[in-house]
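The values are calculated or read from the model by the stated rules, or taken from the named source; none is laboratory data. Everything quoted here is computed from the prediction, not taken from an experiment. No Cβ is skipped: glycine too gets one built from the backbone with ideal geometry, and neighbour counts run over all protein chains shown. Heads up: the accessible areas ignore ligands, DNA and RNA and are worked out on the full protein's heavy atoms, side chains in. Shrake-Rupley method; radii C 1.70, N 1.55, O 1.52, S 1.80 Å.
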Amino acid sequence: MSSYDITVGRIHACTRLTVDFIVLVSEIETALLTIRAFERCGIADDVDADGFPSRTWEIIWIAEQLGHACESGLIPDYLFQKYVTELVLLGHTTDEHAWNYGFRKGVEAVYYY
């Protein structure tokens with residue numbers, strides 16, 4: 001599973017069954033914890049032409065997809081309260097700036113596209 005497999009459409013599709021949503025949340029949590037572990041261990045990351053590490057782009061992508069799904073109302077409140085709140089906190093502690101940027105970009109995409 002790649003972080004880029006996490007999309008708004010997949011998030012929405014997984015909300016139909018709680019088990020599917022829990023699996024998706026586990027995948028997102030695994031991706032964020034892996035990124036955090038690599039950072040804490042000082043493991044080098046690929047850097048693109050603009051100087052951004054690929055793990056930063058992954059965090060932005062995940063946050064953007066989640067922000068878009070949240071703002072679009074695609075995640076029922078009972079799933080949001082039980083599972084998504086912790087993901088948002090984890091993303092925020094993994095890389096506060098990347099997470100906030102991506103989440104805000106996802107929220108804004110609801111209104112601009």
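Computed values, structure above
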| item | result |
| --- | --- |
| Stretchable slack from Asn100 to Ala37, in nm (0.36 nm times residue separation minus alpha-carbon distance) | 20.7 nm |
| Label of the coordinate-derived value, P(r) over Cα pairs in 5 Å bins from 0, in percent, listed as (1) 2, 12, 23, 26, 19, 10, 5, 2, 0; (2) 2, 13, 27, 28, 21, 8, 1, 0; (3) 2, 11, 17, 17, 14, 11, 9, 7, 5, 4, 2, 1, 0 | (1) |
| Contact order normalised by residue count of the stretch 12-95, Cα under 8 Å, 6+ apart, percent | 44 |
| Charge dipole of the chain about the Cα centre (unit charges at C-beta), most positive-ward option of Phe80, Val25, Leu66 | Phe80 |
| Theoretical FRET efficiency, 1/(1+(r/R0)^6), r = Cβ-Cβ of Leu17 and Ala49, R0 30 Å, to 0.05 | 0.15 |
| Dipole magnitude (debye, nearest 20) for the chain, charges at Cβ of Lys, Arg, Asp, Glu | 300 |
| Carbon/sulfur fraction of accessible area - the chain, other protein chains in place, 1.4 Å, % | 57 |
| Surface per residue (accessible, 1.4 Å probe) for the chain, Å² | 58 |
| Using alpha-carbon coordinates, inclination of helix 96-112 to the longest axis of the chain, degrees | 40 |
